[in-house]
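Q: Below you'll find the structure I mean.
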Amino acid sequence: MSVHLSPATAPVPRPGRPPGARPMPRLASIAIAVLVLVAGLALAAVGLRLTDTWAIGGYLLALAALGLGWGRLMAAMPTLASSLARERTVLLNGFVLCAAVYPFYVNDPYQMHVMAFAGIYALMALGLNVTTGFAGLADFGYIAYYAIGAYASALFNLSLGLDFWICLPLAALVTAGLSMLVALPAVRVTGHYLALVTLGFSFIVIQLITNLEWLTNGTQGLAGMEPPSLFGHSFQQPLDVFGFTLPFQANFYYLMLVLLCLAVVVCGRLSRSRWGRAWGAMRGNETAASATGLNLTRLKLLAFGTGSCFGGIAGSVYAHMVGYIDPSTFRVIESVFLLAIVAIGNWRIGGVIAAAVLFTVLPEKMRAFDEWRLLIFGAVLLIVMLARGRRMIGSNY
């Protein structure tokens with residue numbers, strides 16, 4: 001029996017070539033990929049350096065126009081789109097290399113701190129993408145996994161004296177276990193009902209960490225988590241690399257860069273694995289997928305468990321990076337923010353990361369607009385969502 005995958009559902013990231021497109025010669029496609037990489041990095045560098053209010057506004061308008069034009073160009077020139085898709089590895093390796101040298105370019109503690117937070121949100125968005133994008137399950141309570149990971153890691157460190165590198169995987173396992181335990185009855189419902197169940201779960205988690213004062217210290221929060229250390233180097237100390245002294249925030253920036261690279265590899269393998277294909281079939285048509293012999297309950301539990309691991313890891317890093325956590329950090333509205341990031345990224349791995357970085361850095365830049373900041377941020381978010389149908393963000397590459 002063939003399984004029909006609805007085009008309206010979130011697609012699993014996979015390599016592909018636009019229909020009827022013939023790729024350019026390899027050397028030409030590599031050259032174009034390098035030019036695209038350089039242009040993108042130049043735009044990012046300009047945006048990060050801007051501080052003037054009107055300059056930032058003009059930059060955002062220009063960026064939106066360029067994004068819209070790029071989407072139309074890709075639609076009008078399938079040969080170019082096919083060639084860039086073929087050089088995906090060149091683009092990804094180039095971005096990773098540039099991200100690695102970024103701290104030497106800015107060498108600013110605040111910028112490093114913001115980009116480390118962007119990495120945390122990107123990691124959570126990738127985890128949510130596993131649940132919603134790969135498996136098609138509505139999860140409106142992802143912030144709960146972030147909170148569980150943060151508190152689990154903090155308690156392991158403060159109560160048991162465990163090192164960060166032990167707390168990190170333990171927090172991921174605890175988060176995955178609890179999410180699968182809660183998902184066991186939740187997977188019996190679908191659609192909006194599943195969304196309500198996961199949303200209710202996030203409220204329950206926040207209430208528990210607020211009221212279980214004997215365990216979580218309630219609204220006073222937990223403090224004093226030890227920062228990571230590697231080969232005798234504490235992450236609270238400046239980082240010396242090749243004669244350059246970087247602020248200590250660069251330690252967490254590089255930690256998040258490594259974790260993001262690992263997460264991208266895992267997500268890519270998952271999308272092409274047997275689980276990924278089964279999730280795609282379930283996402284497209286649960287009835288047809290069940291008729292082929294797939295165990296939907298098991299697949300849903302695996303999706304929740306795998307996706308929540310990313311949130312647990314992000315929470316663990318956050319707890320040890322900031323050194324203090326309390327219930328106010330984990331607001332339910334953050335789950336909606338993460339869902340918006342995944343949707344804007346078009347459920348694609350690269351698109352999700354780009355959207356997470358953009359919408360973490362953008363609010364910081366828009367502080368210059370004072371009382372207009374939230375209004376303009378909402379307008380930009382609305383424009384991007386409306387333009388998503390034009391594939392402005394989140395294509396196959």
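Q: Condition first: aromatic (F, W, Y) and loosely packed, with under 15 Cβ neighbours inside 10 Å. Now tell me which residues in the range 180-232 satisfy that. Even if it seems obvious, please write down each step before you answer.
A: Residues of the range 180-232 that are aromatic (F, W, Y), as a first pass: 193, 201, 203, 214, 231.
Y193, F203, W214, F231, listed by residue number.
Q: Turning to a different aspect of this structure: For the subset of the range 194-233 comprising residues that are among the hydrophobic types (A, V, I, L, M, F, W, C) and in a loop (DSSP other than H, G, I, E, B), which member is nearest to L155 (Cα to Cα)? Step through it out loud before you land on a result.
A: In the first step, residues of the range 194-233 are kept if they are among the hydrophobic types (A, V, I, L, M, F, W, C); the result is 194-197, 199, 201, 203-206, 208-209, 212, 214-215, 222-223, 225, 230-231.
The next check asks that each one be in a loop (DSSP other than H, G, I, E, B); those that pass are 212, 225, 231.
Values: L212: 13, M225: 9, F231: 24 Å.
The extreme case among them is M225.
Q: Say whether the condition of being assigned by TED's automatic domain parsing to the domain that holds H233, on the phi > 0 side of the Ramachandran plot, part of a helix (DSSP H, G or I) and not aromatic (F, W, Y) is met by at least one residue in the range 181-192. Spell out the reasoning first.
A: Filtering the range 181-192 down to residues assigned by TED's automatic domain parsing to the domain that holds H233 leaves 181-192.
Then drop every residue that is not on the phi > 0 side of the Ramachandran plot, which leaves 191.
In the following step, the residues that additionally are part of a helix (DSSP H, G or I) were identified as 191.
Next, from what is left, pick out any that are not aromatic (F, W, Y): 191.
Yes, the range 181-192 contains at least one residue that is assigned by TED's automatic domain parsing to the domain that holds H233, on the phi > 0 side of the Ramachandran plot, part of a helix (DSSP H, G or I) and not aromatic (F, W, Y).
Q: Before we move on, is G312 under 23 Å from T198 (Cα atoms), assigned by TED's automatic domain parsing to the domain that holds Q111 and in a helix (DSSP H, G or I)? Walk me through how you get there before you give the answer.
A: Details: under 23 Å from T198 (Cα atoms): yes; assigned by TED's automatic domain parsing to the domain that holds Q111: yes; in a helix (DSSP H, G or I): yes.
Yes: the conditions hold for G312.
The values are calculated or read from the model by the stated rules, or taken from the named source; none is laboratory data. Being a predicted model, the structure only gives us computed values, none of them experimental. Positions of Cβ are backbone-derived with ideal geometry, glycine not excepted, and every protein chain shown enters the neighbour counts.
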